[in-house]
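Read through the structure below, which is laid out as structure tokens, and then see the notes.
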Amino acid sequence: MNPEARTPGNLSFNNSPRCAIASWILTGVALLLVLKLHLLSALMAGLLTHELVRLLAPLVEKRPTSKGARLVALAALAILTITLLILLTFGIFAFFKSDTGNRQALLDKTSHILTDARTKMPPWIVENLPTMWTP
């Protein structure tokens, strides 16, 4: 191994300042474009997927012996992670579209419960119940 080779985390500006400055400028431009094009959620999803695969990769790489088997296992792990994230997103959207997560349905149900409570409770309790409010 070359003793003069740099480690990935050890970046020095003395070795190639033009490359480092160009990479910082390109990173800044990319971040501005992410904000301008409203791609922040996609960026966060990609970073989450990358981090999950990076955290789970050592667990997968311990089992297979060949490099090809490790690559296949890692690809399967990445596909599984992405699939679970997509299904979770669809599940959240389905919840908020259903009656359980619907705001108007919740307000209607609360109104119905308060109306029933007013007819069945004694007057001194009914005075302390909130009044009906519709948006």
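The values are calculated or read from the model by the stated rules, or taken from the named source; none is laboratory data. Model, not experiment: these values are computed from the prediction. All Cβ positions, even for glycine, are placed from backbone atoms using ideal geometry, and neighbour counts span all protein chains on display. To get the accessible areas, we keep the full protein, side chains included, count just its heavy atoms, and leave off ligands, DNA and RNA. Shrake-Rupley method; radii C 1.70, N 1.55, O 1.52, S 1.80 Å.
Restricting the first member to region 15-43 and to residues that are farther than 29 Å from Thr89 by Cβ, and the second to residues that are outside any helix (DSSP H, G or I) and of a type in the set (A, V, I, L, M, F, W, C), the beta-carbon pairs closer than 7 Å and six or more apart or on different chains are Ala20/Leu11; Ala20/Phe13. Across region 102-116, not a single residue is classified as at pLDDT below 80 and within 30 Å of His50 (Cβ to Cβ). For the subset of region 97-128 comprising residues that are open to solvent by 60 Å² or more (accessible area, probe 1.4 Å) and of a type in the set (A, V, I, L, M, F, W, C), which member is farthest from Ala57 (Cα to Cα)? This residue is Trp124. Considering only residues in region 76-96 that are among the small types (Gly, Ala, Ser) and modelled with pLDDT of 85 or more, the one that is most open to solvent (accessible area, probe 1.4 Å) turns out to be Ala94.
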